[in-house]
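Remarks on the structure that follows.
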Amino acid sequence: MVVLWALAAAAGQVAPASWQGLVRDARGNHLAGAQVVLRDIESGRAWVALADAHGAFSFRQFPAGNYAVQVRWHDLTASSPEPVRIPPGAHLTSSLQAAETSCELFLQTTEAEAQPQASGGEKLSSRQVSDLPLNKRDFSQLLLLAAGTMTDTNGAASFTQQFAVNGQRGATAVFAMDGVDITDPESGGATFTNFNVDAVQEIESLSGVMPPEFGHGAGGFTNIKTKSGTNRLRGSLFEFVRNSAFDARNFFDRRTMANPGRIPPFVRNEFGFAIGGPFTLPGIYRGRDRTFFFAQYQGFRQVLGTTQVLSVPTQAERQGEDTTAFPGDTLHVPVNPQIAPVLAAYPLPNDSQGPFGARTYATPSKVSTDTDQFSIRIDHRTSDRGRLFARFNFDNVKGPLTNPSQSAINPGFATTFVQNQRNAGLNYTRVVSPQFTSETSLGYIRSTPLFLAHNQTQPGMTFADSLYESFNSASGSVSGFYGNLFQLRQNFTYLRGTHALKWGVEVRVNRDSAIFGMNPNGQYTFGGGVAYAPVEIQSASGQHDIPVGAPLPDTLTALLTATPFAYNTTAALALILFTLQF
């Protein structure tokens, strides 16, 4: 009888249901910490689940029936427009998408499997971005966590962050911030990579076979979603220090003339703030529940010590003695008065055991980098179903030096990388109906990667056989780009049942100017070809005397007599300025 009673009870039971999914806002941002409430319409009983940092929630077991769905997030409350029927034994894997309004959140329930997903990539929440250990507050390094992603050294020449995804070129990877393009319009790669991680809501990186709405590049698509303000005024301050004073000496850190402190000098400071809340003008406008702001700043200061090992003239060579042209014999070369100041400008050798022998000069050379980056974002609810947001960023970069070996000879020979970036985005999203959504966005990015030589007057000298380190090798060279990219995009989304239809149009206008001024001060090349003696040169033995007009035996005699093999300079400015329009 006990067995029969158990079978009868089991037959009368209704299989419990379960539900797991994600809760997001209309822009796809995860609502971390949101409460999802299921309330049985008939009995009034409620089940509550709390969303984690990824916006994920789950109900393990609850009875089938008709439920009202509600989401509570901060001071906002969302309610489903109509009851949700959950059949017995159902295991739902759908997510909740909330379109923000002035007083509530309108819920749209979509099947997770119906959402198009890329075949590869990574998605990181704001907590993950903040918690991951980084030796630099640069969110772009987190992209290396995605399978098939590695840095592309092709971007090093223009100092842009480029990532090779699944073996494709780094220039084919596209970067966006809040859906607005931030890819360098000329060089490719990411801009604003030093964006304050405290202002990042989520990083979404897609690769492989991507959904059709992502175009412009086949390598990968990375979208940085920034934080918006809420009804609560919140902020943070930070200081990130990395300094050689905290470092331990490793096996190879030995005291030398080039590195008397044993540990190479290194100083890095990153500092800034983030603050967000309701936009309020006392006595004029109260933005609570309607208008919000979020601002952030991040400064970066770094001095990196690099050891430079150079080949420079010895004391005897400065006085005209050449012992390399004819082994075992010495040439006494009359030093041209025009070249004597250049020889004196080279530092004296200080490490006879170095790779260049008696010509070796080793010294630390400091490479400085300063950046200042700021952004402000305004979110405004225009109506019950409309939302407008605007964001503006600027990023001023000065440094690093691109030729620390030259600055070791003379700081005036340095060439500095300068980049002034600007980015603006405007987006308007309107939920026309529970099934139809319209999104309009405008974007602008300006990028100015420039390589500027400090010395704009003195000519340069190079040695075809690498006899010495070049002297003012930049010789006033200036190169760079001015990129301006304008973007207009219109997207529509229509939901019907478990199906989602998306379509839209995007217009991009790119106006670039490239500037190349190579060696405008002029550059002399010694060696690499035959040069002829302008004066008589005598040898110590008398067997290798060189008469006037005879070929010079080596590069050193050409230098001491001021007899270069070649000279080059730039053409007129009108011939080297190109403007490209697309």
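Here is how the numbers come out for the structure above:
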| item | result |
| --- | --- |
| Residue count for the stretch 302-320, restricted to those that are surrounded by 16 or more Cβ atoms within 10 Å (Cβ to Cβ) and farther than 18 Å from Thr360 by Cβ | 5 |
| Of the criteria (1) in a loop (DSSP other than H, G, I, E, B); (2) touching a strand residue (DSSP E or B) at 6+ places or on another chain (Cβ under 7 Å), which one Glu204 fails | (1) |
| Those helices (runs of 4 or more DSSP H) lying entirely in the stretch 315-409 with at least 3 residues among the small types (Gly, Ala, Ser) and modelled with pLDDT under 90 | none |
| Candidate set: the stretch 271-312, residues that are in a strand (DSSP E or B) and basic (Lys, Arg); chosen: the one modelled with the highest pLDDT | Arg301 |
| Any chance Gly480 is out of contact with any helix residue (DSSP H, G or I) (no Cβ under 8 Å at 6 or more places or on another chain) and closer than 30 Å to Phe192 by Cβ | yes |
| Flag if Gln97 is modelled with pLDDT under 75 and farther than 23 Å from Pro278 by Cβ | yes |
| Filtered residues of the stretch 463-476 (kept if surrounded by fewer than 23 Cβ atoms within 10 Å (Cβ to Cβ) and among the polar types (S, T, N, Q)) | Ser466, Ser470, Ser473 |
| Top-ranked residue in the stretch 356-415 [being among the acidic types (Asp, Glu) and surrounded by fewer than 21 Cβ atoms within 10 Å (Cβ to Cβ); ranked as farthest from Ser447 (Cα to Cα)] | Asp384 |
| Criterion (surrounded by fewer than 18 Cβ atoms within 10 Å (Cβ to Cβ), outside the structural domain of Thr149 (by TED's automatic domain parsing), on the phi < 0 side of the Ramachandran plot and modelled with pLDDT of 80 or more) met by exactly one of Ser102, Ser43 | Ser43 |
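The values are calculated or read from the model by the stated rules, or taken from the named source; none is laboratory data. No experiment lies behind these values; they were computed from the predicted model shown. In this analysis, Cβ positions are derived from the backbone assuming ideal geometry, glycine residues included, and neighbour counts consider all displayed protein chains.
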